[in-house]
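Step one of this worksheet: look at the structure below.
Every read-out reported here was derived from the displayed coordinates using simple, explicitly stated rules and does not represent laboratory data. Because the structure is predicted, anything quoted here is derived from the model rather than measured. Cβ placement follows ideal geometry from the backbone for every residue including glycine, while neighbour counts extend to all protein chains displayed.
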Amino acid sequence: MKFKEIWNFKYNKPILGFELGDINYDGEIEIIAYTKTGTLLILALNGKLMHREIISNNIPIWHIKLHDIDNDGNNEVILGGMDGILRVFKCNSNHDLVLLWKHKFNASISGILIDDIDNNDISELIVYSLDKTIRVLNSSDGNLIWGQVFEDGIGDAIIYTDDKKILFACGNDGTIRGFNSIDGNLLWFKRFSNKIRFVSYLNSIKGCIMLCGGDDKKLHFIDKNTKKEINTYEFKDYVWKCISYPFPIFNKALVSSYSFTHFNQSIPFEKIDYTSNLICLNDSIDILWELKGYNFEVLKVIVINDKILIFAGTTKGNLMVIEEKTGKILFNKKKKSCINMIQFLIEKKVLFCCHDDGTISAYKLEEILT
């Protein structure tokens, strides 16, 4: 696989993530990046900075969503961060942000989902926080539709769709809970001995299997209907992320573990040997392949010309493309700083990534080699 680096943008603070989309209705896609110091950066696809705006002074922004929540044909900018304030903005032709509304949580926002959760043809915002709450909000004004409270902070949530929608969430209290999407009534409950970092699912040959993992260093396989645990897989490190794919079948999953060895300042960063790994599961919940020794910060499943590829970024700064069927590394470029986010613009075949050192880089896909 061949990529050509086409530009680099450098900011003086860590860039934690970004999204791609047209936010000022001019027909052009922008890069909207957020930083550890609460500043939003808007760049053109050629890497030119067009606008910079302070959102939360010296307080990190963790999440961004671009979505047309008021159905006017233009994307709004939805931000959540450490200050616990969910903000929704319009962006004018000059890239100035105009606040539509905000909703205050009592602690850092862990994640944002957007879905027509009550089937009324209007998207709602589903937001969860370390303040122990998950809330479904009216997208037009931020008013609460319904909410639920955990015993500790909430770290992940997904929407499961079958004959009805169920909102699953997991918390630092070691629980997974499933809620009726319309009224928030509790439908599903499971408790574990330690913090659960993620909840996901896989449509196996034997039915829907819920997947979860966390600080007990185990991946748990749970029958969705009976709530019984049918299998476990042990890692050496915290079980960190899971991606179910491909849409809309969801009969495979990628699961990664995560090591905090780099927090040990007695070990030089370049000499760290990670024990974390990545596994790929099939619909028999067998492990197809395993990739060891990489601490993955971000994973993206991308389909190019009917070929499924995994775009990945690591703590050590490896930008990687992995063949989905075999786990073979097709591309591995080492950068100097941790990669926090990867996006791929399929129509232009350009890959973008951002780093802890404040860099955003762009690469043109020139050739797919197998």
**OP:** Specify which residue in the list L79, G142, I287 is farthest towards the positive end of the charge dipole of the chain, using unit charges on the beta carbon of Lys, Arg (+1) and Asp, Glu (-1), about the Cα centre.
**Re:** I287
Original post:
Any idea which of S259, N277, N231 is furthest toward the positive side of the dipole for the range 196-293, if Lys and Arg beta-carbons carry +1 and Asp and Glu beta-carbons -1?
Top reply: N231
Original post:
If you build a Gaussian network model of the chain, linking Cα atoms that sit under 10 Å apart, which residue out of F235, F344, F260 swings the most?
Top reply: F260
Original post:
Tally Lys and Arg at +1 and Asp and Glu at -1 over the other residues with C-beta under 12 Å from the C-beta of S361: what net charge comes out?
Top reply: +4
**OP:** Determine which aspartates and glutamates satisfy two conditions relative to K217: a Cα distance under 19 Å, and not lying fewer than 8 residues away in the same chain.
**Re:** D156, D173, E229, E234, D237, D273, D286, E290, E297
Subject >> Relative contact order of the chain, defined on C-alpha pairs under 8 angstrom at six or more residues apart (%) >> reply: 12
Original post:
Looking at the square roots a ≥ b ≥ c of the eigenvalues of the Cα gyration tensor of the chain, which shape do they give, rounded for a/c under 1.5, prolate if a/b is larger than b/c, or oblate?
Top reply: rounded
Original post:
I346: net charge of surrounding residues, Cβ under 14 Å, Lys/Arg +1, Asp/Glu -1, itself excluded?
Top reply: +3
Original post:
Hey, fewest Cβ within 10 Å first, where do K195, K325 land in order?
Top reply: K325, K195
Original post:
Using +1 on the beta carbon of Lys and Arg, -1 on that of Asp and Glu, and nothing else charged, what's the dipole of the chain about the Cα centre, debye to 20?
Top reply: 1320
**OP:** Using DSSP to define loop residues, name the GluC sites (Glu not before Pro) in the range 311-370 whose beta-carbon has at most 13 other beta-carbon atoms within 10 Å.
**Re:** E347
**OP:** Count charges around D131 for me, please; just the other residues with Cβ under 14 Å from its Cβ, Lys/Arg as +1, Asp/Glu as -1.
**Re:** -1
Original post:
Past the 24 Å Cα-Cα mark, which pairs from K65/K335; K195/K227; K252/K292; K165/K252?
Top reply: K65/K335
Subject >> Cross-link pairs beyond the 28 Å C-alpha cut-off, checked among K10/K333; K4/K325; K90/K364; K300/K334 >> reply: K90/K364
